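So the structure is just underneath, and the comments pick up after that.
Derivation of every value follows stated rules applied to the coordinates shown; laboratory data play no part. On a predicted model such as this, the values are computed, not experimentally measured, just so you know. Every residue, glycine among them, receives a Cβ derived from its backbone with ideal geometry; neighbour counts consider all protein chains shown.
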Amino acid sequence: MGKLMIVNGSPRAPKSNSKLYIQAFLSGWSGAYELYSLTQRRQEDCLASLEQCSDLLLVFPLYTDGLPSGLMAFLQALLAQPPSHPLRVHMAINCGFLEPSQNDVAVDMIRLFCKRGGHSFGACLRISCGEAFPTTPFMAIARRKLRKLASAIAKGRPVQLTASMPLTKRMFLRAAQRYWLGRGRSFGVSEEEMSTLEIEGP
Amino acid sequence: MDLILTDRHLPSLSLPDNTPVIHVAEQKIAPCVGCFGCWIKTPGRCVIRDDAPAIYPAIARCDRLLVVSRLLLGCYDLPMKRLVERSLPNQQAFIRLHHGESHHVQRAVQPKQLTVVAYGAQDQEERDLFRRWLGRNSLNTLAEDYTILFADSEAQAEELAGKVVRAWVN
Ligand SMILES: Cc1cc2nc3c(=O)[nH]c(=O)nc-3n(C[C@H](O)[C@H](O)[C@H](O)COP(=O)(O)O)c2cc1C
């Protein structure tokens, strides 16, 4: 295969979980690659570089059950200015909730993009508990799956992988509660304040 | 309360005086930056002070919502999708089980009847995908009572929106 373009589709790319997942992916990747974050706002450069790439890996969070709007804009631009050859498109999506299947519709949105652009859909990793994964020892599980994704892409195998924390629903709810309370506390915001029912004040 | 969100003008629509119509594509709505400030720093308020903070409380309050939107890759096109993302303050950080799946706890969000007039789908695959997307998203927005009307043209979208509003009035 030729060069791999890795696109970080998180709107908070420099501080994103996607960035950590890309780092883990790269620990298993030995081929040539380029890395581009949508927050760099150099979309034209990325579209031009795709001319030299055979494969595209999209790494991004699930946003309101679909693709982040910035990634949708990028894909729209790629449909309008396609490279002169079809790409093999791979993805590693991560969502906050417990069930990896919550990512399924977004995966099919990428499939639809491939069909529209005449690209082929390659390997796919669905990560759940994506917000908290990197803060726990379970990250080893995600790291292993990301290296597996790297090896599948290198071998041209269109695998379907999932990575989730081995937690029951009840354990997940408790862990999520602890996680978010800690995040609030770091801003001096209490559980009661976080639980407000008010939206934009009374 | 009724609310209409649209990404195109609907000049032929005749509405009762008090029904707000928001032309979403003309509002200044930046994409969500994923800071979670609306959950952990200023709960219930987005830190980006553009036009979105005037709209998501109205989405929360309404009990009948009509959305008119073009589709892009089986989802709302960008203007409406950005607004959906920026409505995150309507939820809390905390997670509960809903239909056996993990979903966020809602703030003061009225369960609503949602009608979507969707136009611009390129094929049946895109319509099916949009149906699946809305089905999932409705679980996170208390809009499980929803109807989708697909329009083949913008003119037909306007016509369908007119029908929905006439049914509201009667
Ligand atoms: C606007 C917004 C919408 C989100 N929607 C969902 C969702 O529908 N389902 C889900 O499981 N997680 C959702 N999340 C959570 C993110 O997918 C999760 O926090 C992810 O780890 C963020 O990855 P990143 O740091 O790479 O951006 C959403 C987050 C934001 C900010």
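When A:Ile110, B:Ile22 are arranged by Cβ crowding within 10 Å, least crowded first, meaning fewest neighbours, the order is B:Ile22, A:Ile110. Stokes-Einstein diffusion of segment B:78-170 at 4 °C, 1.567 mPa s viscosity, Kirkwood radius from Cα pairs, rounded to a whole number: 87 µm²/s. Distance distribution P(r), segment B:1-131, all Cα-Cα pairs, bin width 5 angstrom from 0: 2, 10, 17, 20, 21, 18, 9, 3, 1 percent. In plain terms, the residue of B:Asp63, B:Asp77 with the fewest other Cβ atoms within 10 Å comes first and the most crowded comes last, giving B:Asp63, B:Asp77. Think of the protein assembly as shown as a dipole: +1 on every Lys or Arg Cβ, -1 on every Asp or Glu Cβ, centred on the Cα centre; then among A:Gln102, B:Leu10, B:Ser69, A:Gln102 lies furthest on the positive end. The label-point distance for A:Gln76 and A:Gln177, in a model that sets each label 7 Å from Cα toward Cβ, rounds to 4.1 nm. Between A:Phe121 and A:Val89, the built amide H atoms are under 5 Å apart, and every one of these is 5 or more places off in sequence or on another chain.
Multiplying the residue separation of B:Leu139 and B:Gln113 by 0.36 nm and subtracting their alpha-carbon distance yields 8.1 nm.
Summing charges over all other residues whose Cβ lies under 10 Å from the Cβ of A:Met91, with Lys and Arg as +1 and Asp and Glu as -1, gives +2. Using the Cβ-Cβ distance between A:Thr136 and A:Leu35 with R0 set to 30 Å, the FRET efficiency from 1/(1 + (r/R0)^6) comes to roughly 0.75.
Each residue, A:Met1 and A:Ser27, gets one label point 7 Å from its Cα in the Cβ direction; the gap between the two is 2.0 nm.
Shape verdict for chain A, please, from the Cα gyration tensor: rounded (a/c under 1.5), prolate (a/b greater than b/c) or oblate. Here chain A falls in the prolate category. Quick one: among B:Tyr146, B:Tyr76, B:Tyr119, which has the greatest mean-square fluctuation in a GNM of chain B with alpha-carbon springs under 10 angstrom? Comparing B:Tyr146, B:Tyr76, B:Tyr119 in the GNM, the peak value goes to B:Tyr146. Summarising the amide proton neighbourhood of B:His98: residues at separation of 5 or more, or on other chains, whose placed amide H is nearer than 5 Å comprise B:His103. Per-residue 3J(HN,Hα) values for segment A:66-75, derived from phi via the Karplus relation 6.51 cos²θ - 1.76 cosθ + 1.60 with θ = phi - 60°, read x, 8, x, 4, x, 6, 4, 5, 5, 5 Hz in sequence order (x marks Gly and Pro).
When the alpha carbon gyration tensor of segment A:1-55 is reduced to an equivalent ellipsoid, the three semi-axes, largest first, read 18, 17, 6 Å. If R₀ is 41 angstrom, what is the calculated FRET efficiency for the pair B:Ala58 and A:Arg144, using the beta carbon separation as r and rounding to 0.05? The computed FRET efficiency comes out at 0.35. In a shell of Cβ-Cβ distance under 11 Å around B:Leu139, excluding B:Leu139 itself, what net charge do Lys and Arg (+1) and Asp and Glu (-1) give? Once all neighbours under 11 Å are counted, the net charge is -2.
Taking each of A:Lys15/B:Lys112; A:Lys3/A:Lys155; A:Lys15/B:Lys81 in turn, the alpha-carbon distance tops 25 angstrom for A:Lys15/B:Lys112.
Rounded to the nearest whole Hz, the Karplus-based 3J(HN,Hα) values (6.51 cos²θ - 1.76 cosθ + 1.60, θ = phi - 60°) of segment B:77-91 follow the sequence 5, 3, x, 6, 5, 4, 5, 4, 5, 6, 8, 4, x, 6, 10, with x at glycine and proline. Partners of B:Lys28 within straight-line reach, counting aspartates and glutamates whose Cα lies under 15 Å from its Cα and excluding those fewer than 8 residues away in the same chain: B:Asp7, B:Asp50, B:Asp51, B:Glu85. Amide H contacts of A:Ser37: A:Asn8, each under 5 Å away and 5 or more positions distant or on a separate chain (H built 1.01 Å from N in the peptide plane; Pro and chain starts excluded).
Just so you know, the Rg over Rh for the protein assembly as shown is 0.97, from Cα atoms, with Rh as the Kirkwood radius. Candidates B:Tyr146, B:Leu83, B:Leu97 compared by Cα position along the dipole of chain B: farthest toward the positive end lies B:Leu97, with charges placed on Cβ. Take the Cβ-Cβ distance between B:Met1 and B:Asp51 as r, set R0 to 22 Å, and report the resulting FRET efficiency rounded to the nearest 0.05. The calculated FRET efficiency here is 0.70.
Pick from B:Cys35, B:Cys46, B:Cys62: which residue has the top mean-square fluctuation in a GNM of chain B where Cα pairs under 10 Å get a spring? Ranking B:Cys35, B:Cys46, B:Cys62 by mean-square fluctuation puts B:Cys35 first. When +1 charges are put on Lys and Arg Cβ atoms and -1 charges on Asp and Glu Cβ atoms, the dipole computed for the protein assembly as shown relative to its Cα centre reaches about 1620 debye.
Label separation (B:Arg166 vs A:Arg42): 5.6 nm, computed from points 7 Å beyond Cα along the C-beta direction. For the residues B:Ile59, B:Ile95, B:Ile29, a GNM of chain B with alpha-carbon springs under 10 Å puts the largest fluctuation on B:Ile95. In order along segment A:176-193, phi translates into HN-Hα couplings of 5, 4, 4, 4, 6, 4, x, 5, x, 4, 5, 10, x, 9, 7, 4, 4, 5 Hz, rounded to whole numbers, per the Karplus curve 6.51 cos²θ - 1.76 cosθ + 1.60 with θ = phi - 60° and x for Gly and Pro.
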